[in-house]
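The values are calculated or read from the model by the stated rules, or taken from the named source; none is laboratory data. Everything numeric in this text was worked out from a predicted model, so none of it was measured. All Cβ positions, glycine included, derive from the backbone under ideal geometry; neighbour counts span all protein chains shown.
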Ligand code: ADP
């Protein structure tokens, strides 16, 4: 209904988009051409042997019904003499034909096996390719995309929708096989008798358009029935959910009438659907039988006496026709089912489409080390261009020093450090690394010199060893142990049943928050980064863990450029620079002591946090 409302131009655009989308999926076939070719080859061979089988059946039947018919001749001497036994008696010819028929059937079955096998492997290869392609696409997309897209949807695409496309491919294969066999059937029928075939095609086409018309009416009626059914469901639900009101208002009779009305509509629309549907099968059967009987009568009265057709040919013709009719039906049904996969094609191509997505452009410069400073120059940033989250940030983060970010929740601290990690690019202004725009560096080369430690560090379902040495496959065992030791993690690791080889389970559920954070610190230590980003959310930790973590963070920070998001002011009193953010803007910056003496925002935070402990700075 909807597509009928679209203007021709929009419909055209939609079709082009759909085609482009399908092309995104179809191009995956180029990664396994051999399998596709083999599938196609065996499909054609199987279809050809189906035709050959029919040819053999024809002569076989001729031999059975009329022993005086001249033997079949291919024109190739050795086949005619040695295979078909032209010079042999009629009986022997029949034996030879039976053998040939069995052989042809065996060949057809073998080829069908290979056709199914390669088409099946092709289907799984397509699934593999698509999953890989989606993964690569997701890997290349910036974080902003994931913030906007629901992870359930992405997982659904990587599992269910890919499965659906594989099914569609399967059906498409079936269509190719069925279509080829249909072509072979049709050509054999035309070879046997073009007159009968012509009549059959015309009459059966008429029958099929009649059936299509009926099915359309069934569909329309079933839409009405679905509407009536959902109206019925909602009235029932309302009755059950609103039972208190119904009873309080003594509305039984009113509700009964309302319910009965919807129930009646449901009954009537169902009856209408079934009356049309009941017509379909008997109508097809009756008309098809009539058509076939008329054709047989026509053949017997007109074609056979003229000598244009033999009885055996008529039998073969009917044999093919009977095999063909269900094939046409399944071919139609397959076509209709493929249309149902339209949604899956659209969803997958939506993910794979690169044109409608914003990517971070990779730079060209290698990054070796930070020499002087990271500088923010008039940086504006917003997740949506309509709402800025950071405004006019001018900030110098000096090499080898600790810069602490302070501010209320939602002030923009995490966003600011995310810009340093280049998870996002500023909307305006620049972030300079030793005077060079961060965007000019190769993203991964820069990120390799950076480590982020936060409480929500992701723990993979793998051993502790591999979690510490994440993505560092060649890390030596001593280095891993040393990192774990410096991170104050070695004690609890030793207590685990298999030490560093203990598998942590999904998302590290076996670890406490503090233990997870110590793994994260060990991971960062092993990377030996130039720049360290600390989101030290220690609030959820007990005081022993907090002390241990504080100590290991101190070890980790030594000699590095540290940017710390501070939640507890006690951890940043010795920072070289404290930056206070409020509402996306920089409010003040300086050393802790300097800011306290200015009696600004930090002074307020300080007093708020220490009021309970009576260490108010006056
Ligand atoms: P802080 O770390 O200081 O608590 P954030 O940087 O996390 O602050 O958030 C700053 C603002 O940006 C908040 O208003 C927050 O709602 C918004 N924000 C954070 N992350 C996203 C995101 N992925 N998409 C849209 N808005 C976000």
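Quick one: is residue 438 crowded, with 17+ Cβ neighbours inside 10 Å and more than 9 Å from the ligand (Cβ to nearest atom)? When the stated conditions are applied, residue 438 passes them. Of the set (1) within 14 Å of the ligand (Cβ to nearest atom); (2) free of Cβ contacts under 8 Å to residues at least 40 places away in the same chain; (3) part of a strand (DSSP E or B), all apply to residue 409 but (3). Taken over the stretch 367-404, the criterion of being away from the ligand (no atom under 16 Å from the Cβ) and more than 23 Å from residue 445 (Cα to Cα) is satisfied by 378, 394. Restricting attention to the stretch 517-532, the residues being surrounded by fewer than 23 Cβ atoms within 10 Å (Cβ to Cβ) and closer than 14 Å to residue 464 by Cβ number 1.
Every residue, every condition in (1) in contact with a helix residue (DSSP H, G or I) (Cβ under 7 Å, 6 or more places away or on another chain); (2) modelled with pLDDT of 80 or more, yes or no:
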position: 528; (1), (2): no, yes
position: 581; (1), (2): yes, yes
position: 593; (1), (2): no, yes
position: 617; (1), (2): yes, no
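Considering only the stretch 462-481, state which residues are farther than 20 Å from residue 511 by Cβ and not in a loop (DSSP other than H, G, I, E, B). Within the stretch 462-481, 477, 478, 479 meet the criteria. Condition test on residue 276, is it surrounded by 15 or more Cβ atoms within 10 Å (Cβ to Cβ), closer than 30 Å to residue 173 by Cα and in contact with a helix residue (DSSP H, G or I) (Cβ under 7 Å, 6 or more places away or on another chain)? Answer is no for this residue.
Per-residue answers, yes or no, for (1) more than 30 Å from residue 607 (Cβ to Cβ); (2) within 16 Å of the ligand (Cβ to nearest atom); (3) out of contact with any helix residue (DSSP H, G or I) (no Cβ under 9 Å at 6 or more places or on another chain); (4) at pLDDT 80 or above:
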{"residue": "482", "(1), (2), (3), (4)": "yes, no, no, yes"}
{"residue": "497", "(1), (2), (3), (4)": "yes, no, yes, yes"}
{"residue": "532", "(1), (2), (3), (4)": "no, no, no, yes"}
{"residue": "545", "(1), (2), (3), (4)": "no, no, no, no"}
{"residue": "572", "(1), (2), (3), (4)": "no, yes, no, yes"}
{"residue": "584", "(1), (2), (3), (4)": "no, yes, no, yes"}
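For the stretch 175-193, state whether one or more residues are without any contact (Cβ under 8 Å) to a residue 60 or more places away in the chain and over 24 Å from residue 319 (Cβ atoms).
No, the stretch 175-193 contains no residue that is without any contact (Cβ under 8 Å) to a residue 60 or more places away in the chain and over 24 Å from residue 319 (Cβ atoms).
With respect to (1) closer than 30 Å to residue 435 by Cβ; (2) at pLDDT below 85, the lone exception for residue 372 is condition (2). Taking the stretch 183-201 as the range and being under 39 Å from the mean Cα position of the chain (by Cα) and either under 19 Å from residue 303 (Cβ atoms) or surrounded by 17 or more Cβ atoms within 10 Å (Cβ to Cβ) (or both) as the test, the residues that pass are 184, 185. Within the set 414, 454, the sole residue that is modelled with pLDDT under 90, within 16 Å of the ligand (Cβ to nearest atom) and either under 24 Å from residue 566 (Cβ atoms) or exposed (fewer than 14 other Cβ atoms within 10 Å of the Cβ) (or both) turns out to be 454. Residue check: residue 347 meets all listed conditions (1) surrounded by 16 or more Cβ atoms within 10 Å (Cβ to Cβ); (2) closer than 30 Å to residue 431 by Cα but one, namely (2).
Scan 445, 421 and give me the residue that is within 13 Å of the ligand (Cβ to nearest atom), closer than 21 Å to residue 140 by Cβ and surrounded by fewer than 19 Cβ atoms within 10 Å (Cβ to Cβ).
421
Looking only at residues of the stretch 132-148 that are under 29 Å from residue 381 (Cβ atoms) and surrounded by 15 or more Cβ atoms within 10 Å (Cβ to Cβ), we find that the one that is nearest to the ligand (Cβ to nearest atom) is 144.
Residue 426 satisfies every condition listed in (1) in contact (Cβ under 8 Å) with a residue 60 or more places away in the chain; (2) in contact with a strand residue (DSSP E or B) (Cβ under 9 Å, 6 or more places away or on another chain); (3) within 16 Å of the ligand (Cβ to nearest atom); (4) assigned to a loop (DSSP other than H, G, I, E, B) except (1). Among the numbered conditions (1) outside any loop (DSSP other than H, G, I, E, B); (2) in contact (Cβ under 8 Å) with a residue 24 or more places away in the chain; (3) touching a strand residue (DSSP E or B) at 6+ places or on another chain (Cβ under 7 Å); (4) more than 16 Å from the ligand (Cβ to nearest atom), the only one that residue 363 does not meet is (1).
Within the set 266, 259, 322, the sole residue that is loosely packed, with under 14 Cβ neighbours inside 10 Å and part of a helix (DSSP H, G or I) turns out to be 322.
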